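What follows is a set of notes on a single structure, which appears directly below.
The values are calculated or read from the model by the stated rules, or taken from the named source; none is laboratory data. Keep in mind that what you see is a predicted model, and the values were worked out from it rather than measured. Here the Cβ positions follow ideal geometry from the backbone for every residue, glycine too, while neighbour counts run over all protein chains shown.
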Amino acid sequence: MLQLTGVTKSYGEHRVLDDVAFTIDDGRLTGFVGGNGAGKTTTMRIMLGVLSRDSGEVTLDGAPLTDGDRRNFGYMPEERGLYPKMKVLEQIVYLARLHGFSRADATTRATALLEELGLGERLRDSVETLSLGNQQRAQIAAALVHDPKVLILDEPFSGLDPLAVDVVAGVLQTRAARGAAVLFSSHQLDVVERLCDDLVIIAGGTIRAAGTRDGLRAGFSSRRLELVLGGDAGWLRTEPGVDVVELDGGYAIFDADSDETVQRVLRRAMESGDVASFAPRHPSLAQIFKEVIQ
Amino acid sequence: MNTRSFTQSVWLVTEREVGSKLRSKAFLISTGLLFALALIGVIWGGVAADSDSRTPVAVRPGTAAVVAQLDDVIETTEVASVAEARDLVSSGDVDAALVPGGAEPFGYTLIAEDSVPTTLLAMLSVSPEVELLTTDAVDEQLRYFVALFFGLVFFVAALTFGTTIASSVVEEKQTRVVELLISAISTRALLAGKVLGNTILAMGQILGLSAIAVIGLAVTDQGELLDGIGAPLAWFAVFFLFGFILLAALYAAAGAMVSRQEDIGATTTPLTLLVMAPYFLVIFFNDNPVVMAVLSYVPFSAPVGMPVRIFVDEAQWWEPLLSLVILLATCVAAIVVSAKIYQNSILRMGARVKLADALRT
C-alpha cells in the first residue's frame, strides 16, 4: 500500500500540488484522472522520487519510502523514453539488469513480457523503427520487466488502438491480480471506468475525490433510475416526486426525489404489469468528473 | 532479485556506453580513418627519412676531405676534372661542386648554378665542436611535430568523446530515458558509468594510436626517434587518462543543463575552447620554455604540455609528478561539481538550466 499525505509542491509562486493525499492499494488498479495541468504527472514524479516535494509524506506499507523501495517501482513516464537506436529486447534486458537481474534472467523475462505484449516479432528491431503504438508497448514492457510491487504509469493508453488497449489492460490486470499496486493516469475516461477498481480525481493541484469506483458512482448517483416495462410507462409522468428524463413506450429514465418514491414507483410498476428491468442508473465517470472538478 | 551495488550499476552503464558506440558504424569508420591516417603518417615519415636528403656535392680528390666531417648532410660525388664538376652542376645532378684552388685560407672554390648556396656555406663554416652540440639537442622541426602530434591527438580525442558524452546525456534527457534509468539506479552511478565508458573508448583510441606510432616507427627503422618518444608517450597516456576524465565530467554536466540537442552548443562551447586552447598554445609556443612550463602545469593543457617538455628534456623528473597531482586534484573537484550540476539539471526539462541553479544544493 502506497500512501501520500499532505504532499505539496510549488514552482516559485505557483503552487502545483496542495495537500495531496490518497492511497493506492495492493492488488488493485487505481485510475488517476484530471485535466491538463491538474498535477497528475507532478504527483507521479514525486512518488517516483524523480522530483522533490516541498512537504508531505509518501509511505510504503506505513514506512517512509526509501530509494531502495523505489528501485522496485515500475514507471512509465508521460513523455515516452527509450533509446531510439537500441534494439527492443536489448533495451528491456538492459533495464531489467539495472534493476538487479542477471543477464540470463533479464533476457528470459524481457522476451516473455514482450511476447505477452505482442512484440514477439520485433525483438531485434531498433525502437525508432517501431510504430508509435508498438513503441508504447515496449515502453510498458520497460515499466513491468522487473516485476514491480508498485506500478506508476503516466497515460499508458494514449496512442493505442482499441485492440492494443485491451492487450495492455489485460497485462495490467494480471499484474494487479498478482498483488501489485497499480496507478495509472488517463484522459480516456471510458477506459478508466472500465478498468479501474479505485479512482482518484485531481483538479488544480488538489484531490477532489478518491475511493472505490463503485463507491464514488453510488455517492454521485442522484437516484436516477431506468425502468423497462412490458406495457406503457406513460403513468410515470403523473407520479408525484418523479421527474421523467426520457420516455419511450415501456422504456423510461427518471429521477426520484426520495427512496420512498423509488419504492412506490416499483410497486406501481409491478401492479401495472411485467417489469423487465428496474435499476439505478449510475452516472458515467465523465459526469462525475465534470461535477467534481467544478 | 538483488538491488545492484553502486559499482555494478556503474559497470552496466559503462558496458552499454561502450557497446552502443562499438556498434555504431560512424564511430567505427571514423576510428578506422584516424588509425589509417596515423599509419600513413608514420610510414611517410619513415620513407622521408630513408630517402637521401643529403645535399649532393661534386668533389675532387683534393677537396673531399673538406666535407668528410659532414657526411650525414652532404653526399659527395667524386669527379675526374673541374670541367666535369661544372657540367654536373649545370645539369642539376649536384647542387654544388667543391674544387681546389681559390683564395687562402680555404684553398678551394665552391661552384653553384645561379645562386649562392647559403646552406652549404653555413655547413662548411661549422666547426666540428658546434656540430656535436647541434646533434645533441632536439631539432626545431621535430619538436614542432611532436608538439603537433600530442596537441592534435588530445584535441581530436577530447573533442570527439567530450561531444559524444554531452550529446548522449542530452539524448537520455530528451527521450526521457533518464527518468527510467534513475528510477533504477542513482544519478551518481549513471554519471560515473557514462564518464567511465567514454574514457575507456577515448583511452582505447589513444592506446591504438600510440601502438600504431610505436610499431610503425620500429618497423620503418626510425628507432632513434622511438627512444626519445617512448617516455613522453607513456606520460601522455597517463595525463590523457585524467585529463579526459576531467573534461568528460564537465561535458556531461554541460549536456545535462540543456534539454535539446540543438541547444547543446550553448553550454559546451566554453569547454570546446578549453580543449582547443592547449592545442594552439602548444603549437605556437612550443619553443618558448616559459609558456611551455606554465602550460605543463595548467590541468587543461598539461596532457599536451608536459609530454612535449619531457620530450625536449626541459622537465625535471619531479615535474610530471607534481603536474599530475594538480591534474588529479582538479579532476576530483570537477567530478564533485559536475555530479552536483548533473543531479540538479538532469530532470529539469525546458529552458536551459542556469549555472547558479544547477549548483544550488
Worksheet, complete the sentence: Of B:150, B:161, B:155, the only residue that is surrounded by fewer than 22 Cβ atoms within 10 Å (Cβ to Cβ), under 30 Å from residue B:309 (Cα atoms) and more than 13 Å from chain A (Cβ to nearest Cβ) is B:155
Item to complete: Report yes if some residue within segment B:193-203 is in contact with a Pro (Cβ under 7 Å, 6 or more places away or on another chain) and not basic (Lys, Arg); otherwise report no.
Response: no
Worksheet item: Here are some residues: B:36, B:83, B:26. Which one is exposed (fewer than 12 other Cβ atoms within 10 Å of the Cβ), at pLDDT 80 or above and assigned by TED's automatic domain parsing to the domain that holds residue B:113?
Response: B:83
Worksheet item: Which residues, taken from segment B:319-361, are polar (S, T, N, Q) and either surrounded by 18 or more Cβ atoms within 10 Å (Cβ to Cβ) or within 34 Å of the chain's Cα centre (by Cα) (or both)?
Response: B:323, B:330, B:338, B:343, B:344, B:345
Item to complete: Report whether or not residue A:21 is out of contact with any helix residue (DSSP H, G or I) (no Cβ under 9 Å at 6 or more places or on another chain) and either over 20 Å from residue A:69 (Cα atoms) or touching a residue at least 40 places away in the same chain (Cβ under 8 Å) (or both).
Response: yes
Worksheet item: Could you list, in sequence order, the residues of segment A:40-56 that are out of contact with any strand residue (DSSP E or B) (no Cβ under 7 Å at 6 or more places or on another chain) and of a type in the set (Gly, Ala, Ser)?
Response: A:49, A:52
Discussion item. So the check is Cβ under 9 Å with 6+ separation or different chains; which pairs have a first residue in segment B:221-249 that's among the acidic types (Asp, Glu) and a second one that's surrounded by fewer than 20 Cβ atoms within 10 Å (Cβ to Cβ)?
Written reply: B:221/B:46; B:221/B:49; B:221/B:50
Item to complete: Could you tell me whether residue B:283 is buried (at least 19 other Cβ atoms within 10 Å of the Cβ), in the same structural domain as residue B:151 (by TED's automatic domain parsing) and of a type outside the set (Gly, Ala, Ser)?
Response: no
Worksheet item: Among the residues of segment A:169-192, how many are surrounded by 14 or more Cβ atoms within 10 Å (Cβ to Cβ) and at pLDDT below 90?
Response: 6
Practice prompt. Please report, ordered by residue number, the helices (runs of 4 or more DSSP H) entirely within segment A:57-170 with at least 3 residues that are in contact with a strand residue (DSSP E or B) (Cβ under 6 Å, 6 or more places away or on another chain) and free of Cβ contacts under 8 Å to residues at least 12 places away in the same chain.
Written response: none
Practice prompt. Determine which member of the set B:231, B:213, B:166 is touching a Phe, Trp or Tyr at 6+ places or on another chain (Cβ under 7 Å) and either more than 30 Å from residue A:65 (Cβ to Cβ) or within 13 Å of another protein chain (Cβ to nearest Cβ) (or both).
Written response: B:166
Discussion item. For segment B:192-210, check the following and say yes or no: at least one residue is farther than 20 Å from residue B:34 by Cα, of a type in the set (A, V, I, L, M), surrounded by 23 or more Cβ atoms within 10 Å (Cβ to Cβ) and away from chain A (no Cβ under 14 Å).
Written reply: yes
Item to complete: With respect to residue A:100, determine if the residue is more than 9 Å from every other protein chain (Cβ to nearest Cβ), modelled with pLDDT under 90 and farther than 22 Å from residue B:173 by Cβ.
Response: no
Worksheet entry | Residues that are acidic (Asp, Glu), away from chain B (no Cβ under 11 Å) and at negative phi, drawn from segment A:48-69 | A:54, A:57
Worksheet item: Can you name every residue in segment A:24-76 that is of a type in the set (Ser, Thr, Tyr) and surrounded by 22 or more Cβ atoms within 10 Å (Cβ to Cβ)?
Response: A:30, A:43, A:75
Response to the item:
Restricting segment B:242-280 to residues that are assigned to a loop (DSSP other than H, G, I, E, B) and not hydrophobic (A, V, I, L, M, F, W, C), the one surrounded by the most Cβ atoms within 10 Å (Cβ to Cβ) turns out to be B:259
Worksheet entry | Positions within segment A:193-220 being β-branched (Val, Ile, Thr) and surrounded by fewer than 20 Cβ atoms within 10 Å (Cβ to Cβ), in sequence order | A:206, A:212
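Condition check ((1) at pLDDT below 85; (2) among the polar types (S, T, N, Q); (3) crowded, with 16+ Cβ neighbours inside 10 Å; (4) within 29 Å of residue A:210 (Cα to Cα)) across all residues:
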| site | (1), (2), (3), (4) |
| --- | --- |
| A:242 | no, no, yes, no |
| A:252 | no, no, yes, no |
| A:267 | no, no, no, no |
| A:279 | no, no, no, yes |
| A:282 | yes, no, yes, yes |
| A:292 | yes, no, yes, yes |
Fill in: Index of the failed condition, residue A:278 passing every other in (1) within 30 Å of residue A:40 (Cα to Cα); (2) in contact (Cβ under 8 Å) with a residue 40 or more places away in the chain
(1)
Discussion item. Considering only residues that are within 14 Å of another protein chain (Cβ to nearest Cβ) and either assigned to a strand (DSSP E or B) or more than 17 Å from the chain's Cα centre (by Cα) (or both), which ones fall in segment A:15-47?
Written reply: A:46
